[in-house]
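Below you'll find the structure, written out as structure tokens, and then a few comments.
The values are calculated or read from the model by the stated rules, or taken from the named source; none is laboratory data. It should be emphasised that the depicted structure is a prediction, and the values quoted were computed from it without experimental measurement. When we count neighbours, we look across all protein chains shown, and the Cβ atoms used for this are built from the backbone with ideal geometry, even at glycine. These accessible areas exclude ligands, DNA and RNA; they are computed on the full protein's heavy atoms, side chains included. Shrake-Rupley method; radii C 1.70, N 1.55, O 1.52, S 1.80 Å.
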Amino acid sequence: MRLAETIAGWFGRVEVVLAGVEGYLRDGEEALARGDAMTARRAAKAMLQRVPHSPLGLALLADACEAARLDAELALTLEELAGRVASRAEVWVRLGRARERVGSPIDETRDAFLRALAVAEAGSDARREALLWLADLDLANGDGARAELWLERLGVTRDADVQLRRAEARLLQNDLTGARAVLDSLEADPTDGRAALLRGRALAIGGDAAAFPLLVRAMVLEAAGASEALASALAWIPTDEPTRAKIRAVVDGRGQAELARWKAAFARAEGRRDEARAALVGAVRSGDASAARPLLDASLEDQDHASLAVALGALAAAAAENEGAVEDPIAEDARRLPSPARLRDPGEASAILDDLAGVTTARARVWADAARAAALATWIPPSGAPSDWTKILTRLDAHARALHALDATAKVAELAIERSRPVRVAIVGEFNAGKSTFINAVIGADVAPTGVLPTTATLHHLRYAPDPFARIQFHADAPSEVKERIVPSSELRAALKGGDAEWVKRVEILQPIASLTRVEILDTPGFNAPDTRHTEAARSAFEEADAAIWLLDAGQPLKQTERRILDEAKVTSLPVQILVNKADRLKPEDLATVMTSVGASLEETGIRSWAEPLALSARLALQGKLGDEDALARSGWEHVQRLLDEQIVGRSDELKERGLRRRAGRVVTLMLERAREHAAEERAAIEAARARAQELALRAANLEREADEAAQVVAGAIGGAAADWKRDLEVVVTGRDRQQVANDPTLLRYRVDRARSRLSAPLARVLASIARGQATSDVEGARADDLMPVVHAAVRTFAAANGQADALFPLTRSAVASLIEHLLELAAAPPERGRAEGRVAELEAVLRGLDVPAV
């Protein structure tokens with residue numbers, strides 16, 4: 001319907017009849033009907049000469065200017081008309097369109113549509129058009145969240161034009177799943193270029209080559225933005241020559257072959273990446289703003305920070321010119337990526353990791369992962385050199401606390417303590433392999449409780465202390481309430497023979513022996529002992545130790561059971577030194593055969609000894625340490641001692657670093673499990689927040705359409721409270737002059753205070769009930785207490801304006817309008833951008849960085 005017909009239907013034609021210009025109006029309408037816009041314009045001008053500022057004359061002139069495409073004159077005419085008939089939504093909608101066409105500031109264009117929305121009747125075409133245009137304005141500025149709110153105010157609809165805008169809003173919010181769900185439910189016309197474009201964009205974001213036919217179709221149909229989307233897809237999704245030929249034909253047909261984005265896109269598709277990037281940089285620097293986005297995409301894929309800085313600078317300049325523009329998630333993520341200079345600075349690593357935790361888009365994630373690994377490498381050198389454990393453990397502690405992982409927090413604290421201890425070596429082997437005897441030979445004293453270990457499932461930990469004593473720890477399920485005993489070293493053997501020996505979990509033996517300041521020793525039970533807890537205790541030594549010395553029995557070396565346990569050590573990357581004990585029981589030639597067999601077996605199983613395997617007799621070595629020089633000479637201990645000095649103690653820093661990395665890796669693995677749970681919870685919370693926002697917007701839209709009916713319901717619901725307010729007022733005004741009462745400021749304050757006291761609480765409760773709808777619980781943010789500020793304001797205004805208890809509609813209509821705005825504000829608040837996925841990515845990167853190479 002033409003605007004003149006709308007205005008005539010509202011104002012009538014009395015004005016033009018009385019002024020004698022009805023003929024001009026008729027001539028103008030007939031000229032428009034036959035397509036003669038300029039004749040209609042002359043008729044409108046003649047009308048306005050006779051009746052200046054006539055709404056009908058202005059409407060006819062607006063129709064004529066629109067038909068003649070005289071946009072500037074149209075905008076000026078509609079400006080005047082809107083001032084004359086400000087309550088007509090159709091006029092504001094036309095003005096909004098005109099402002100957009102003449103390039104008015106976006107705020108002015110938005111204001112016209114907002115004014116249209118404010119006066120439009122529920123269900124009217126003007127209201128629908130205003131909401132769609134407001135959504136389009138926000139979509140053009142990258143604000144998908146606000147665009148979706150305008151669309152929700154249209155209510156439940158399957159109209160294709162609304163659904164397409166919903167899908168576009170989801171894409172702008174980086175919600176690919178939501179966008180695809182909307183598009184999959186849509187039956188769009190194959191000739192709808194916008195539908196083809198959105199389907200193609202959704203596929204392109206996922207790197208699917210099926211995007212190309214859709215994007216080509218969108219470009220052929222001249223959908224806005226199709227050329228940019230197709231060029232972007234061509235630049236980063238692999239294509240074959242036939243596909244590129246089809247795209248080139250369309251581009252040539254559109255006369256766009258010389259555009260920088262297409263030159264760069266084809267160059268990248270053909271593998272000439274540097275050339276493509278250089279072309280885009282040159283285009284941006286020469287003022288081609290359209291090349292900024294393709295340059296951003298190219299920079300992200302190539303991980304080139306110099307060109308990225310150029311792209312982001314151009315995008316920032318464009319955003320500054322367009323005040324309402326919202327930066328899209330990819331560009332926002334790109335700003336978080338560190339420069340090469342920052343990556344080289346170990347002091348920047350923590351801040352870089354914090355920045356990268358916020359990266360969520362797939363396009364930026366690859367670079368973010370690489371940058372995360374580079375930042376962590378300044379703390380954890382890939383070469384295996386000593387790590388910066390202070391910074392690593394501080395970071396891990398922060399993550400553990402954020403995840404409320406108390407066990408991980410405790411283990412991180414244990415790692416911090418372990419840094420100051422000597423290298424820790426586990427002595428491992430099967431039952432009766434001579435482990436305790438070997439330990440006594442190492443430290444030169446009869447400390448390890450030989451003859452006692454077979455009866456316990458105990459891990460013995462030997463370390464230095466100024467005074468000798470032993471600490472016995474019992475299993476948690478031990479019958480005794482005492483879980484730890486401290487005994488003098490001289491009483492240890494007796495203590496381990498007691499009735500509660502079977503419940504011993506661990507024994508710490510502390511001795512003032514100088515050699516223990518350089519190396520701590522874990523004496524393990526035999527793997528083949530009858531009690532399964534022996535095996536568990538021995539395996540736990542793999543976790544605690546920095547290295548292991550595996551004692552084989554020369555009489556039966558590397559049995560199948562030993563190979564199985566050695567494989568476990570191999571998986572953990574624990575350095576293992578192989579020693580063949582009880583060599584004194586074999587003849588030299590037999591011992592040589594055994595050593596050759598051991599070497600072959602190790603090579604066959606892929607297990608490598610930290611240094612060459614050696615043969616010895618721990619029994620003779622201990623005798624030698626206690627004074628028998630001949631026994632010491634025959635024991636083979638000289639070579640073993642050199643190995644211990646050079647390969648264990650001499651490389652203690654390396655072994656400790658490897659051990660710390662292994663144990664830190666186990667802690668990180670523990671944290672990762674909780675971090676992944678937390679990320680899943682966060683994803684669910686974000687989805688719930690989106691669903692809640694959509695529900696609130698829909699509830700506000702429904703309430704907006706039925707605002708008058710809702711206001712009547714609210715008025716009835718608070719009728720009792722209003723009657724109480726009326727009685728309060730009658731008490732003080734009875735017998736007084738009504739005019740005097742109305743002008744008395746004290747009585748006015750009383751009137752307002754009593755209104756707030758009587759009406760506010762019940763009104764807030766009714767509004768909260770409306771906000772709740774059919775739900776069983778109040779809407780967070782729209783409970784009665786939350787609504788009290790807006791209710792107080794509405795009640796105060798109503799009472800101060802002499803509102804009457806018998807006529808509550810103005811109050812309740814205002815309160816319902818305030819509730820609508822409040823619900824829309826709640827819906828507009830976007831969920832916080834998640835960082836839990838970033839924490840998972842960082843912990844995974846830490847785990848890869850800590851990976852200890854095989855021995």
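For the range 603-620, the candidate set comprises residues that are open to solvent by 10 Å² or more (accessible area, probe 1.4 Å) and assigned to a helix (DSSP H, G or I); within that set, the residue that is nearest to S436 (Cα to Cα) is R619.
Mind telling me which of the residues N440, N432 ends up being open to solvent by 30 Å² or more (accessible area, probe 1.4 Å), among the polar types (S, T, N, Q) and either out of contact with any His (no Cβ under 9 Å at 6 or more places or on another chain) or not in a loop (DSSP other than H, G, I, E, B) (or both)?
Working: N440 fails: open to solvent by 30 Å² or more (accessible area, probe 1.4 Å).
Step by step, each of N440, N432 is checked, and only N432 is open to solvent by 30 Å² or more (accessible area, probe 1.4 Å), among the polar types (S, T, N, Q) and either out of contact with any His (no Cβ under 9 Å at 6 or more places or on another chain) or not in a loop (DSSP other than H, G, I, E, B) (or both).
Evaluation of I352 against the conditions (1) assigned to a helix (DSSP H, G or I); (2) in contact (Cβ under 8 Å) with a residue 60 or more places away in the chain; (3) not polar (S, T, N, Q) shows that the sole unmet condition is (2).
State yes or no: is R365 open to solvent by 40 Å² or more (accessible area, probe 1.4 Å) and either in a loop (DSSP other than H, G, I, E, B) or closer than 30 Å to K246 by Cβ (or both)? Please lay out each step first, then the result.
Values: open to solvent by 40 Å² or more (accessible area, probe 1.4 Å): yes; either in a loop (DSSP other than H, G, I, E, B) or closer than 30 Å to K246 by Cβ (or both): no.
The answer is no for R365.
If you go through the range 542-597 and keep only what is over 48 Å from the mean Cα position of the chain (by Cα), among the hydrophobic types (A, V, I, L, M, F, W, C) and open to solvent by 10 Å² or more (accessible area, probe 1.4 Å), you end up with L558, A583, L586, L591, A592, V594, M595. Over 44 Å from the mean Cα position of the chain (by Cα) and either open to solvent by less than 50 Å² (accessible area, probe 1.4 Å) or of a type outside the set (S, T, Y) (or both), is that true of P810? In short, yes. Pairing each residue of the range 427-441 that is within 13 Å of P557 (Cα to Cα) with any residue that is surrounded by fewer than 24 Cβ atoms within 10 Å (Cβ to Cβ) and among the β-branched types (V, I, T), provided the two are 6+ apart or on different chains, yields C-beta distances under 8 Å for E430/T561.
For the structure I just gave you, tell me whether A410 is over 30 Å from L172 (Cα atoms), open to solvent by 20 Å² or more (accessible area, probe 1.4 Å) and in a loop (DSSP other than H, G, I, E, B).
no
To keep it simple, each residue is scored yes or no on (1) more than 30 Å from L551 (Cα to Cα); (2) open to solvent by less than 40 Å² (accessible area, probe 1.4 Å).
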| position | (1), (2) |
| --- | --- |
| G659 | no, yes |
| R663 | no, yes |
| R666 | no, no |
| E677 | yes, no |
| R692 | yes, no |
| A710 | yes, yes |
| A722 | yes, yes |
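Consider the range 76-106 and keep the residues that are more than 41 Å from the chain's Cα centre (by Cα) and among the polar types (S, T, N, Q). The one that is surrounded by the fewest Cβ atoms within 10 Å (Cβ to Cβ) is S87.
Out of everything in the range 171-205 that is charged (D, E, K, R) and in contact (Cβ under 8 Å) with a residue 24 or more places away in the chain, what residue ends up being surrounded by the most Cβ atoms within 10 Å (Cβ to Cβ)? Talk me through it step by step, then tell me what you get.
Restricting attention to the range 171-205, the residues satisfying the condition of being charged (D, E, K, R) are 175, 180, 184, 187, 189, 192, 194, 199, 201.
Going one step further and asking which of them are in contact (Cβ under 8 Å) with a residue 24 or more places away in the chain, we end up with 175, 187, 189, 192, 194, 201.
On the way: D175: 21, E187: 8, D189: 9, D192: 19, R194: 20, R201: 25.
Restricting to residues being charged (D, E, K, R) and in contact (Cβ under 8 Å) with a residue 24 or more places away in the chain, the top hit is R201.
For the range 791-803, filtered to residues that are without any contact (Cβ under 8 Å) to a residue 40 or more places away in the chain and open to solvent by 50 Å² or more (accessible area, probe 1.4 Å), the residue that is farthest from A118 (Cα to Cα) is A801. The residue that is modelled with the lowest pLDDT, among those in the range 319-342 that are outside any loop (DSSP other than H, G, I, E, B) and open to solvent by 50 Å² or more (accessible area, probe 1.4 Å), is E321.
Out of the residues in the range 626-638 that are part of a helix (DSSP H, G or I) and open to solvent by 100 Å² or more (accessible area, probe 1.4 Å), which is farthest from A445 (Cα to Cα)?
Step one: list which residues in the range 626-638 are part of a helix (DSSP H, G or I), which gives 629-634, 637-638.
This time we only want the ones that are open to solvent by 100 Å² or more (accessible area, probe 1.4 Å), so: 629, 634, 638.
Working: E629: 16, R634: 19, E638: 17 Å.
By that ranking, first place goes to R634.
Just so you know, in the range 140-170 the residues that are among the basic types (K, R) and either assigned to a helix (DSSP H, G or I) or over 20 Å from E704 (Cα atoms) (or both) include one that is most open to solvent (accessible area, probe 1.4 Å), and it is R146.
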